[in-house]
1. Take A:S194, project a point 7 Å from its Cα along the Cβ direction, then tell me which residues of region A:428-466 have their backbone nitrogen under 19 Å from it.
2. Enter the accessible area per residue of region A:166-302 (Å², integer; probe 1.4 Å; all protein chains in place).
3. Take the Cβ-Cβ distance between A:K640 and A:S680 as r, set R0 to 30 Å, and report the resulting FRET efficiency rounded to the nearest 0.05.
4. Within a Cβ distance under 12 Å of A:T493, other residues only, what is the Lys/Arg minus Asp/Glu net charge?
5. Compare the peptides A:597-608, A:24-35 by average per-residue count of other Cβ atoms within 10 angstrom and give them in order, highest first.
6. Within 12 Å, Cβ to Cβ, of A:R428, how many net charges do the neighbouring residues add up to if Lys/Arg are +1 and Asp/Glu are -1?
7. Where the centroid of each part is defined by its Cα atoms, how far is region A:81-101 from region A:303-378 in Å?
8. Which of the peptides A:719-730, A:316-327 is most tightly packed, and how do the rest follow, going by the mean number of other Cβ atoms within 10 Å of each residue?
Amino acid sequence: MSDEKENNRGVFLEIEEKWQERWESSGIFRTEIDDKREKFYCLEMFPYPSSKLHMGHLRNYSIGDALARFKRMQGFNVLYPMGYDAFGLPAENAAMKHGIKPHKWTFDNIKTIKGQQKRMGLSYDWGREVITCREDYYKWNQWIFLKLLEKGLVYKKEAPVNWCPKCRTVLANEQVHEGKCWRCSSPIEEKKLSQWFIKITAYADELLEDLKKLKDWPERVKVMQENWIGKSSGVEINFPVKGKKENIRIFTTRPDTIYGVTFMVLSPEHPLALSLTTDERKDEVKRFIEKVKKETTKERTEGKEKEGVFTGAYAINPLTNEDIPIFIANFVLYSYGTGAVMAVPAHDSRDFDFAKKYGIGIKQVIYPEESKGELKEAFEGEGTLKNSGEFTGMKSSEAINKIIDRIESMGIGKRAVHYKLRDWLISRQRYWGTPIPVVYCDKCGIVPVKEEELPVKLPEDVNFSEGGNPLETSSLFISTKCPVCGGDARRETDTMDTFFDSSWYFLRYCSPTEEAGPFRKDDVNYWMPVDQYIGGIEHAVMHLLYARFFTKALRDLGMLNFDEPFTKLLTQGMVVKDGAKMSKSLGNVVDPDEIINVYGADTARMFILFTASPEKELEWSDRGVKGMFRFLRRVYSLFKGYSETHSCLETHLNKNPGFNESYIVSRTNLAIKRVTDFISGSRFNLAIGEIMAFTGEIGNFVNEENKAEGAVCYALRNLALLLAPFAPHLAEEAWSIMGNDAFISTAEWPEYKEELVNEKVMFKREMVRNLVEDINKVVELSGIKKPEKIRIIIADEWKRRVARAIRGMELSKKNMHVIMKKALKENVEPEAAARLVQKYIKDPSRLHKIILSSDEEGETIKENLQGKFERDKVELVIEKEGESGEKKAAGSLPGKPAIIIEGGGKN
RNA sequence: GCGGGGGUGCCGGAGUGGUCAAACGGGACAGGCUUAGGACCUGUUGGCUUAGUGCCUCCGAGGGUUCGAAUCCCUUCCCCCGCACCA
């Protein structure tokens, strides 16, 4: 009863504990540089140490560990490290709520999480652990900051910034999602503050261009980054204001529409907004600007209703000299382009809406191929220009360049590129982060801390309850001496965005204990770039963009010699239950610990990898977990049971195995091939599916009477090896049950040996495909122009082997010849037949024997075919009279299907 | 709106031109083993027929290409995810 069940589970838990201890004490997962071996850097996004791991982590690590183990067995020198992204607000919140010091809270959590990771049996090199809140790490954060400052990539500026009232700190643009804080979802407010920025925009173009190099990144991540960088090329043009000396500079990507401009719009923040407004309209315009400024960016963009007000002033279209009314409106953003646009309602839907609402004229100047009368909506496509002076008749693409040329030669504008990407705001008004290493001196201004004085340490004497930045409560921290003049000075109290920490941690893993710098160049050049990076999609534009930027910036500081940090990226899907993301409020959380404690880590890992392909959402299913447990238990008893009566230490495979042997040997090799290919393609779910099918077949085979020991051992050995990346504990146990002394974790990954695959027992898939090829080769070579009938006869013995190979499914003759049936039964045109033949002829070498009819036709074919096959193993046999096809095929069984051609059209 | 990804059997999920009525798992049904079983083993699991097989229907919907399509092309409907007034 449940005793047995519990016992089984107990055995598994025991096994896991045993092997985890052995792995640890033997140190087999330690990694060193080895120039003789190819390296493989397998990396998971390091976790934030909140109280516990969740299923997403379990999934992340199951993927990474399977891959790391696989590569290790394949002989790669694998770097597979783990660390903790340990700075961050939750630690501070804990301090405020429960009075626990952030440091203690963080390290307690790390301890818990590390325990969980160890219980998963992950093959990390723990000697390389990186914890970002440790001085030996954040010292280098500060060092890098100073280098960037020196290089001009860091600056301080007063600017409107995103303020999260709940976290009481500012945020980078990337960290505002739909107007809300990425972490706590509070609505963001806008504040004008003096803050530290990193000039990521200096790399906008390269960050965009190099996306093309990232062949092994998911398309959607690249698209998200592309959109975020938001490059657009166009032209900036000055529109003179009528009766004044000012110009309004606009940016447009569609200068070809300039003859269609009917009004102009400034954003409410535009410096000219009020000054060019006529006196009689000043009050109204003022009121409007005030109103819009009060709204947050979110409110302004959410309502979608376009609102504006006429300034009474006019601009002059420099190409047409027409007067153009100037409006102020809420839909023009000051932060993008020049904060002013030329409005072409005929060819821009926003301008169209606005023109309709305020009764402004619409002037069409671009016409599509088929003109459709009056415009019901803006036509935003390309077309032919009309009513455009000398440019009339040109295509949009041509006109764009010609008009820009004209504008440049007139000296009223120039080509320009604008980006949506903004500089990265890294100041945080929080305690639990890396202090920004600068000092404010009344005499000397902003002064960087001297390199030898790093790190600027976080003080202990802070008060978390007062609401502001806790660092400001530490007088010991704040008051300091100016590094330049030695006078009294004040420390910067802002700390760095924790995304700064995570932008280079993967480099630190290469030299985790280096004291002379953030990393050693040699180490990094050996290990980097990361070959496989695995993590959640939520970092598509935050972490992944910053890390790419860091790589480029450090490269330009002469510290790296590559451009991109992550060669291959896998974004895992979420783990959901009952169709919804696991969350405490929904009560659908499954605790990884619970699963591991009940079923063991192997079951949890296998289930999570098998149930969905890695990038897809994974629907949690308790039944599925049980199913996986059942499977592993079956595997265990298979090994256990067989080893009770047989010794599998040595596998003696005959060079010429008997049929029974060769069946399971072939099947084993097929499994090796498939599993290897699946893992290489990150298709872990399919790899496990194949292992399951293979296991089933071994089971069937073992139960048969005339099993061959050597072959069974061979199959079992390989099964254990294939299982090792996924269920490492069980695989180790099986390995040792079979009498091996060494770890399976460091054993060699099995190699697919084609020569061990006996074609007699190849699968239906290969068989039929080859048959089709063979048939067509025969058709071609025989000179038959219009075959009427082809029969494929499969001898019984052969059929039986195949049938067993596909697990009891009888292979019918129907399946074999149905492929050709339709093509050949009706009057197929010779050309069609020829095409067919052409399409499938690849390699006739598999053909073994062709049986021809005994009539004249057969003789002719035989003559035609004679000598056409390079290998003499193709036997041409003339059918004996009175023999049925089946009998014939059976009687002369060559180990391959015989093909019998009957008849063959003349002409 | 723009961009990305999808719609497959009771369910999850494979399958990208011919092994396909469709891998693997779950569930369901039947049988075996058992005192019993939620444990294990075997079989069945689109329909109709025969049970050696044959036929029909099927991979969101509708067309098309092809000797042949779940797979390629077009149209259309629906779902998910990102960005969202970026000029």
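The values are calculated or read from the model by the stated rules, or taken from the named source; none is laboratory data. This is a predicted model, so every value here is computed, not measured. Cβ: placed from backbone, ideal geometry, glycine included. Neighbour counts: every protein chain shown. Areas reflect the complete protein model, heavy atoms only, side chains present, ligands, DNA and RNA absent. Shrake-Rupley method; radii C 1.70, N 1.55, O 1.52, S 1.80 Å.
1. A:428-430, A:436-449
2. Working: 6800 Å² over 137 residues.
Here the residues of region A:166-302 average 50 Å² of exposed surface.
3. Values: r = 31 Å, r/R0 = 1.03.
Taking R0 as 30 Å, the efficiency between A:K640 and A:S680 is 0.45.
4. Working: positive: A:R428, A:R430, A:R490, A:R491; negative: A:E472, A:E492, A:D494.
Residues close to A:T493 contribute a combined charge of +1.
5. Numbers: A:597-608: 25.2, A:24-35: 12.2.
The packing order, highest mean first, is A:597-608, A:24-35.
6. Numbers: positive: A:R168, A:R183, A:R430; negative: A:E92, A:E492, A:D494, A:D497, A:D501.
Local net charge: -2.
7. Region A:81-101 and region A:303-378 have Cα centres spaced 51 Å from each other.
8. Values: A:719-730: 26.1, A:316-327: 17.7.
Ranking the peptides A:719-730, A:316-327 by packing returns A:719-730, A:316-327.
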